[in-house]
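Take a look at the structure set out below.
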């Protein structure tokens, strides 16, 4: 008995999908066009085309310093999210202990709170410790958002590893640590890479939490962009937005090529 292949989308569904894509991409197209404007103010359509605002962006020391801060901070958040998230995800998926469901719920709890409430709570917790406007304070704040995402993806990746392989390794005399390092970690590596990429992007793009914790000498790129947009309305904002979109796209394409991000996330 032959199985019927997947049904092809009809013209109505295709038209609806095309309209949806256009609706989602239209703002991005406008931002890209405005970023090449030759005018002195945000306007669409632009009065002319020029690269002047990309040159102005490269000459803006505050923006470049904030970009470096955000990149380093996001890389640290990605590494620590893996270091903290992998043991937690393994415990949730593979171990059976009292409070396992409670632990899983607590790890997801930061995602259920409004970011404004979470930012205020982090500020009240870190201010008595003198960690506001410091690297450790920003790192802790961003980890509160990045770790739950990492745990979710890592739990899916670890759950996809056949438990029989781990059991077979243990029956052959391998220690639990050796099983984890030689069996679980290599097979879950694509999921770990996807979790690191998502943690990087979450940290790199985070604005609300950073607004509560930055200072005059330490700021992130989204906060600097927010402050710049409050003072001025020139197309440099659009040029920086295009740069941020390209960075996010580059990270996603790199992970997709290296580990198959779509397949990893579709297992959930």
Inset, instruction - Considering each of 192, 250, 238, 229 in turn, give the residue that is in the same structural domain as residue 81 (by TED's automatic domain parsing), under 16 Å from residue 31 (Cα atoms) and out of contact with any strand residue (DSSP E or B) (no Cβ under 8 Å at 6 or more places or on another chain). - result: 229
Inset, instruction - Considering each of 79, 74 in turn, give the residue that is in contact (Cβ under 8 Å) with a residue 40 or more places away in the chain, more than 23 Å from residue 227 (Cβ to Cβ) and either assigned by TED's automatic domain parsing to the domain that holds residue 157 or surrounded by fewer than 18 Cβ atoms within 10 Å (Cβ to Cβ) (or both). - result: 79
Inset, instruction - Can you give me the ranges of the helices (runs of 4 or more DSSP H) entirely in the range 161-234 with at least 2 residues that are in contact (Cβ under 8 Å) with a residue 24 or more places away in the chain? - result: 163-171, 189-205, 208-213, 221-231
Inset, instruction - Looking only at the range 177-200, count how many residues are at pLDDT below 90 and closer than 19 Å to residue 246 by Cβ. - result: 2
Inset, instruction - For residue 231, indicate whether it is closer than 27 Å to residue 34 by Cβ and surrounded by fewer than 19 Cβ atoms within 10 Å (Cβ to Cβ). - result: yes
Inset, instruction - Test residue 153 against the stated conditions and say whether it is closer than 19 Å to residue 76 by Cβ and either in a helix (DSSP H, G or I) or touching a helix residue (DSSP H, G or I) at 6+ places or on another chain (Cβ under 6 Å) (or both). - result: yes
Legend entry - From the options 106, 118, 23, residue that is in a helix (DSSP H, G or I), at pLDDT below 90 and outside the structural domain of residue 227 (by TED's automatic domain parsing): 23
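The values are calculated or read from the model by the stated rules, or taken from the named source; none is laboratory data. Note that the coordinates shown come from a computational prediction; the quantities given were computed from them, not determined experimentally. Using ideal geometry, Cβ is built from the backbone for each residue, glycine included, and neighbour counts are taken over all protein chains shown.
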